[in-house]
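The values are calculated or read from the model by the stated rules, or taken from the named source; none is laboratory data. The model shown is predicted, which means the values in this text are computed figures rather than measured ones. Glycine gets a Cβ as well: all are built from the backbone with ideal geometry, and neighbour counts include every protein chain shown.
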Amino acid sequence: MNRLQAAGLFDGSMRPGVYRLVAPLPQITEALQAAGWSWIALDPVSDRAGFYREFAERMGVGDFFGANLDALWDCLTDLEQPTALVLSEWTRFAGQQPEQWARIFEVLTERIGVAPPFALVLA
């Protein structure tokens, strides 16, 4: 992971962005934590419903989550500390439902421009 430190994800600079990493999930989350990020890691999903279900569970919003793009945005903008969202095997969802993935990806990348720092980690 040393060559990734310069990318701004693991060097403590809290640089928002989209990062594509090929490393075991425990190694990624340990490095995120060491660099000061809070992190949320979603289990692999293959469709929109699975993404929303997994996201709601990991965020702890359960039945209160509306499972739509507005609800996703609301949860993401409620974050109060630098947070990295780690999506394992994200190509499964992108390949099964490319249009739905593109819409969710757009919201996730839009969140990068809002404080506090947010990183999307595609693993």
### Query
Before we move on, is residue 49 exposed (fewer than 15 other Cβ atoms within 10 Å of the Cβ) and either more than 14 Å from the chain's Cα centre (by Cα) or not charged (D, E, K, R) (or both)?
yes
### Message
Which count do you get for residues in the stretch 57-67 that are over 13 Å from residue 85 (Cβ atoms) and either buried (at least 18 other Cβ atoms within 10 Å of the Cβ) or free of Cβ contacts under 8 Å to residues at least 12 places away in the same chain (or both)?
### Response
7
### Query
Among the residues of the stretch 52-66 satisfying the criterion of being more than 16 Å from the chain's Cα centre (by Cα) and of a type in the set (Gly, Ala, Ser), which is farthest from residue 106 (Cα to Cα)?
62
### Query
Among the residues of the stretch 1-12, is there at least one that is closer than 18 Å to residue 122 by Cβ, under 12 Å from the mean Cα position of the chain (by Cα) and either modelled with pLDDT of 95 or more or surrounded by 13 or more Cβ atoms within 10 Å (Cβ to Cβ) (or both)?
no
### Query
When residue 91 is evaluated against the numbered criteria (1) surrounded by 14 or more Cβ atoms within 10 Å (Cβ to Cβ); (2) in contact with a strand residue (DSSP E or B) (Cβ under 9 Å, 6 or more places away or on another chain), which criterion, by number, is the only one it fails?
(1)
### Task
Please work out if residue 85 is under 20 Å from residue 113 (Cβ atoms) and not in a strand (DSSP E or B).
no
